[in-house]
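No value in this document is a laboratory result; all are computed from the given coordinates. Everything numeric here is computed off the predicted structure, so don't read it as measured data. Every residue, glycine as well, gets a Cβ built from its backbone with ideal geometry; the counts of neighbours run over all protein chains shown.
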Amino acid sequence: MRIRARKLKTVFLLSAFLLLAVLLPALTGQAAGTVRLGELISLPAAPEIESDYAILMEAKSGAILYEKNAREKAYPASITKIMTALLTMENCRLEDKVTFSWRATHEIAPDSSSIARTEGEIMSVEECLYGLMVASANEVAQGLGEQVSGSLESFVALMNLRAGELGCVNTHFVNAHGYHEEDHYSCAYDMALIMREAIKYEKLVEIMGTENWQIPPTNKHDEITYLHSRHPLVTNEQGMKYPYAVAGKTGQTDEALCTLVTYAKQGDLDLICVVMHGETRRTTGEDSTKLFNYGFQNFRSYNLSVREAVLEYDKTAFLQKNLINFASSEDVFCTLPLDLTPEDLTSEIVLFEENAKTDVLATRIYYINGREIGRCDLKVLPINDSLAIHPIVSVVPSRNEILREKHLGLPLIYWILIGGAVVLLLFIWFSIRLTLRAVKRHQRRKARAKEAMNRMTDDRFPPLL
């Protein structure tokens, strides 16, 4: 009974922790690093779409350019596998070997998408990721879940914990693949956050953008397994391949209808589009195309970090200089409609207290219409590090100026010459003194000798009386 009580207590505490991790972001309704642009400024008119839930997000800046019921609960179906792939990339090596268990291969619904893996079959993590994201195989999702966490229950707990860390506001996973269960749900906003994190892995982007792939023979399969993606914008299966689509994932169940996550890139914009509960794959593809066109035609992304340069500062302060050369500690982006530029933003620099553990000295906060739109952590660069945006003229001192600063206003060569002259004068002075002393001694000896001669003469020839 005591052991059972301890187990119940452990389960309760773990459940409470996971619930707290998921609910905390929901209290604010906004993940760190994202901004609802429509709440700050007036946006261009957006297209009408048929799917019930959708979002368009710029990946680098986190700017939300379009929303339709984006935070409302919806069933994700197989776009769940983006989270499974993300956790696999974060916790496994591509060359690691996955051995499929009985549970991974048998505890899936008969109508699940599958590539017919069997118990004891061995594949690399990389091969499994292709099976997961290209063919959407449910048994592969379970195999990877066990590879990452040891059990499916632990992996699902990790999925929910990671969702909370990413700032998801309405997500609760029950399985690793997305097959329908009532308590397995997410929302368009949360799936965009998960995709935003997933595309940080180049290999995962490559896998999600693959149209066709082959799994070589395994210890249980003598033949090649051919994989084919059914993503309507990454492939031309629906006759609507999108020229800027880079990667994505499809999903479909009777309850979720069709779901679609797509990453597209053109110029300075990296856009993530999520549409959920569309009637057909063609519907989700058309809706995504409309939203991508809207984003690429009406917005532009700017790198705020390259705009940081020099701040005028009181020379009596901590650096005894009137210029501080600032640069952003990392790339920070801002997405704006085409009729606005960063020059339309206002900003302020907030200085931090001195901290020996970091070179971040301040933060520049950007505002639009008085509301924050982004911020850059600033670090101080050496004064002779040049910045492209605002070059600093005559800040780097010349060599002669440095010498003058270091040697009391005179170049070092002058001090060498002065020193040499002083030594020479001292040598001449001592030489003259020695010469004069020698001359005086000689004169004294000569005078004494003359005096002695005079006395001898007087003794030999005394005066006559």
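Overview of values
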| read-out | value |
| --- | --- |
| For residue 60, distant residues with modelled amide H under 5 Å away | 270 |
| Total formal charge among the other residues, if their Cβ is under 13 angstrom from that of residue 234, Lys/Arg +1 and Asp/Glu -1 | +2 |
| Charge dipole (debye, nearest 20) of segment 19-300; +1 at Cβ of Lys and Arg, -1 at Cβ of Asp and Glu | 720 |
| Relative packing of 210-222, 128-140, which averages over residues the other C-beta atoms within 10 Å, highest first | 128-140, 210-222 |
| Charge dipole magnitude, Cβ of K and R +1, D and E -1 - segment 100-218, Cα centre, debye nearest 20 | 260 |
| Local electrostatic count, residue 124, Cβ distance below 12 Å [Lys/Arg +1, Asp/Glu -1] | -3 |
| Packing rank of 442-448, 371-377, where each peptide gets the mean count of other beta carbons within 10 Å, highest leading | 371-377, 442-448 |
| Stokes-Einstein D in µm²/s, Kirkwood radius over Cα pairs - segment 19-300 at 20 °C with 1.002 mPa s viscosity | 115 |
| Loop sites in segment 51-115: trypsin sites (Lys or Arg not before Pro), DSSP, at most 11 other Cβ within 10 Å | 93 |
| Charged-residue dipole, Cβ positions (Lys, Arg, Asp, Glu), segment 207-271 about Cα centre, Debye nearest 20 | 100 |
| Distance between modelled label sites at residue 341 and residue 430, nm, 7 Å Cα→Cβ extension | 7.3 |
| Under 5 Å, built H, 5+ apart or other chain: amide partners of residue 124 | 98 |
| Long pairs among 60/290; 60/220; 81/241; 203/241, criterion Cα-Cα beyond 31 Å | 60/220 |
| Cut-off under 5 Å, modelled amide H: who pairs with residue 66 long-range | 56 |
| From phi via Karplus (6.51, -1.76, 1.60), per-residue ³J(HN,Hα) for segment 110-119 in Hz, x at Gly/Pro | x, 9, 5, 5, 7, 10, 6, 6, 10, 4 |
| Charge dipole of segment 19-300 about the Cα centre (unit charges at C-beta), most positive-ward option of 299, 66, 236 | 299 |
| Hz values of 3J(HN,Hα) by residue in segment 41-58 - Karplus curve (6.51, -1.76, 1.60), Gly and Pro given as x | 9, 7, 9, x, 4, 9, x, 7, 10, 8, 4, 7, 9, 7, 8, 10, 10, 7 |
| Given charges at Cβ of Lys, Arg, Asp, Glu: segment 19-300 dipole, positive-most of 116, 41, 250 | 41 |
